[in-house]
Amino acid sequence: MKQIDYAILRAWNNPSIVDLIATLDPVVNKMIVVVNGSKDQNGNLLDKINTLELLRHSKFAGKIETRVLENYGWSKALNEGLRMSTPKGDYETRLIISNEVNPTQEQLMEMQKQVLVGNGIASGVYGLFSTGSYSLFDGREEPTYLVPRNTCTLWRSDAMRGFTFNEKLDSQAGMEDVYMGLQIYDKTKLLPSLGPTDVKLSIRQGVNLEEKTFKERETIKRYLPQFKIENVNAYFNALSVLALSKGKGNGMPLLRAMISYE
């Protein structure tokens, strides 16, 4: 199995990124780390780090490309990472992953296998799921975590051609990944495949999950009218079936669960 071509990460003031990079190193060919310059530290405070220096002196430095942006959100950072990793072929893969995720190398290779098997060459059935692969997370059953998220998703380069993440959503509650999935489905009618369902995910301290869920639902409800309702229903119904096939979800239609308060 060939390595994942690129991993795109964002970081600031977080030394744990080195641990994630150590996990990625054997299974990823190149890593792009986009640093938030306004939130990172230039080294003059004892309780903060300088991400550029940390990565420059790590044993993985030869595999890492860095870029500093000011005041960015997920979409802006990811778009920069995509620009820095211009694909040379249709079947290259881009892993988008958060520092909060602690995958195993086997789980990452399972996602890569799903993409390569699902390219329509090996199997006409798997060809229905050919845009990429995504993971679900241990202990996370919120509806918005049962769909492809930038927390840990592997996209195939040809599926993403011509798409960018919606940077306007950075100032809201994010959900640019759900928007991207809908964009790709709206154009191609193709789905990513579901890979591992028990990837470890840290819960950030101080996060009010009820407030977070409310904001996410409101953001999704605002942009859904941009898409044809039949495509929205088909997309979320298919993802709901995939989640339920792996024992995830409570049986409520996924779209309804994501935008309702029941």
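Quick note: the coordinates plus some simple rules give every number you see, no bench work behind them. Remember, it's a predicted structure, so these values are computed and weren't measured experimentally. All Cβ positions, glycine included, derive from the backbone under ideal geometry; neighbour counts span all protein chains shown.
General observations
- Summarising the strand pairing of segment 4-259, around 35 percent of its internal DSSP beta bridges are antiparallel.
- Taking a ≥ b ≥ c as the square roots of the eigenvalues of the alpha carbon gyration tensor, segment 150-262 is rounded, as a/c is under 1.5.
- Ranking Pro196, Val27, Ala77 by Cα position along the charge dipole of segment 4-259, where only Lys, Arg, Asp and Glu carry charges on their C-beta atoms, puts Ala77 farthest toward the positive end.
- Ranked by how many other beta carbons lie within 10 Å on average, peptides 191-203, 159-171 from highest: 191-203, 159-171
- Over the Cα atoms of the chain, the radius of gyration divided by the Kirkwood radius equals 0.95; this is the Rg/Rh ratio.
- Taking the helices alone, the chain has a mean residue ellipticity at 222 nm of -10500 deg cm²/dmol, built from -39,500 (n - 2.57) per DSSP H run of at least 4 residues and averaged over all its residues.
- Debye, to nearest 20: dipole size of segment 124-242, +1 on Lys, Arg Cβ, -1 on Asp, Glu Cβ: 240 debye
- Karplus-derived HN-Hα couplings along segment 149-165 (A = 6.51, B = -1.76, C = 1.60, θ = phi - 60°), whole Hz, x at Gly and Pro: 10, 5, 4, 6, 9, 10, 9, 7, 4, 6, 5, 9, 4, x, 9, 9, 6
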